[in-house]
Amino acid sequence: EEAPQTVIPGASKKITSISSPLRAIIRLRRRYRGLKKSRLHLELPREKPAEFVHTRLLQRQLSLSRTGLYGPSMSFFNQSGFESSQYFTFDTSTEQHAVKRCRRKKSRRKSRMVLYPDKTKKYLPAEEKSKAKRCLLLLIAIIFFQILNAIENLDDNLQKYDLDGLEKTMHREVFGQKVAVESIVELLKDYLATHIHNKPLVISLNGPAGVGKSHVGWLLAKHFRSVMDNDFVLQYFVMHHCPSGVAPLTCEIDLSKKISDMVTRAEIEEKTPVFILDEVELMSPVLLDTLSRFFEPNQTNEFLNAIYILISNIGGGEITKFVIQNASAELLHQQRGAEELLSIIQPVLLSAHPLWKAADIIPFVLLEKSHVINCFLEQMRREGLYPDQKHIENLANQLSYYTTGDKQYSRMGCKQVVAKVNLQ
């Protein structure tokens, strides 16, 4: 009985040494079968979660879009990659496996895409809009409204002074001086269109006696007194306000005080004063020097907003000579003739005094016999007399004329018309 007991332990040790590798093989085999079953379980069709289905639909849309972009060869490649077998993993979670697979495919597909900067980028760079364009548009709008406002102000000032009515009156009552009347009205319109100026307006009416210079001054004074006030219109006659017996310094002080007071009052009420100075050729050099100081541009604003009308016979001889020499050429009714006549008068005026440098010179030409007849008709109408044509022609024939060809120019203009009408 003792002998078998000694043999059994050795045999059991040998079986144990043989069975332990076998058990390991069996365990590995069982593990392999279990993994195989789990793999088969993953490949079995079952109800898929909504998130996984949504992921698969997104993959399908991406594959279709890439098919349109890259052509049939690329679509085949994507389809083969989409239908390839799943990778082996020890993770048994179906959802996590699907998400990882989707991420892996997305990263791989993105790396294969070539992004062109102008078309295929998903998010193009935002265009930065410059603010300079808006500022430019705003500046244009401001300038437009400023110009519109200035135009409206021009119309308001011109309506306030009623220069259209003045032009009609002068064309109706001044004979033979159409070019001169148009020039005067044009200068007044340009100056009175605004209340801000860099120098006063100085208009010099020059010509021989009796051609209508003083009558134009009287019409201007009458018109501006009606549209403004009598306090802003001054008619200064040298023989009346500064007679020969008065000292020139006294006349200079009196004229300076009148101009300064009127200019100050006009500035307060935002009006433009009008100074009509007749018989300027009789002014002393002291008065001419005083006037020239008021014509300078470097003054205060109230002295810049003023209108001066200078009436004189200086240059009358040169105008008479020019008209007689060019009567047949019709040069007087052309712009070239007016410029040529102005070039003749201007040196004569500057030699008399430098103040005419600041003046706009308007020459008055000789009156024809037809213009003198019109003067008789107008004067008889004012006196309330019946205008007999034959009687008027007889009165006109009593005057002296310059005869050039078929034209007759009055030597004294309409200066003697009033006296002859009153004597009849």
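Here are some notes:
- Residue check, LEU288 in contact (Cβ under 8 Å) with a residue 60 or more places away in the chain and not β-branched (Val, Ile, Thr): yes
- Among the residues of the stretch 388-402, the ones that are assigned to a loop (DSSP other than H, G, I, E, B) and surrounded by 14 or more Cβ atoms within 10 Å (Cβ to Cβ) come to 1 in all.
- Positions within the stretch 263-279 being of a type in the set (Asp, Glu) and surrounded by 14 or more Cβ atoms within 10 Å (Cβ to Cβ), in sequence order: GLU267, ASP278, GLU279
- When LEU249, LEU282 are checked against the criterion of being farther than 25 Å from ASN313 by Cβ, open to solvent by 20 Å² or more (accessible area, probe 1.4 Å) and not charged (D, E, K, R), a single residue qualifies: LEU249.
- When the stretch 342-361 is filtered for residues that are assigned to a helix (DSSP H, G or I) and touching a residue at least 24 places away in the same chain (Cβ under 8 Å), the ones remaining, listed by number, are ILE344, ILE345, VAL348, LEU349, ALA352, PRO354, LEU355, TRP356, ALA358.
- The condition of being surrounded by fewer than 15 Cβ atoms within 10 Å (Cβ to Cβ) and under 37 Å from the mean Cα position of the chain (by Cα) holds for only one of SER260, SER244, that being SER260.
- Subset of the stretch 303-324 (residues that are over 12 Å from LEU341 (Cα atoms) and open to solvent by less than 10 Å² (accessible area, probe 1.4 Å)): ASN305, ALA306, ILE307, TYR308, ILE309, LEU310, ILE311, SER312
- Of the residues making up the stretch 345-387, those that are in contact with a strand residue (DSSP E or B) (Cβ under 7 Å, 6 or more places away or on another chain) and open to solvent by 60 Å² or more (accessible area, probe 1.4 Å) number 1.
- Index of the failed condition, ALA327 passing every other in (1) open to solvent by less than 40 Å² (accessible area, probe 1.4 Å); (2) part of a helix (DSSP H, G or I): (2)
- Residue in the stretch 219-231 that is in contact (Cβ under 8 Å) with a residue 24 or more places away in the chain, closer than 16 Å to HIS353 by Cβ and not aromatic (Phe, Trp, Tyr) present: no
- Restricting VAL372, VAL348, VAL286 to residues that are closer than 13 Å to GLY207 by Cβ, at pLDDT 90 or above and in contact with a helix residue (DSSP H, G or I) (Cβ under 7 Å, 6 or more places away or on another chain) narrows the list to VAL348.
This table checks each residue for (1) assigned by the TED database to the domain that holds LYS222; (2) in contact with a strand residue (DSSP E or B) (Cβ under 7 Å, 6 or more places away or on another chain); (3) at pLDDT 90 or above.
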site: GLU252; (1), (2), (3): yes, no, yes
site: SER256; (1), (2), (3): yes, no, yes
site: VAL274; (1), (2), (3): yes, yes, yes
site: ALA329; (1), (2), (3): yes, no, no
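The values are calculated or read from the model by the stated rules, or taken from the named source; none is laboratory data. Since the model is a prediction, treat every value here as computed from it, not as a measurement. Counting neighbours? That spans all protein chains shown, and the Cβs are built from the backbone with ideal geometry, glycine included. To get the accessible areas, we keep the full protein, side chains included, count just its heavy atoms, and leave off ligands, DNA and RNA. Shrake-Rupley method; radii C 1.70, N 1.55, O 1.52, S 1.80 Å.
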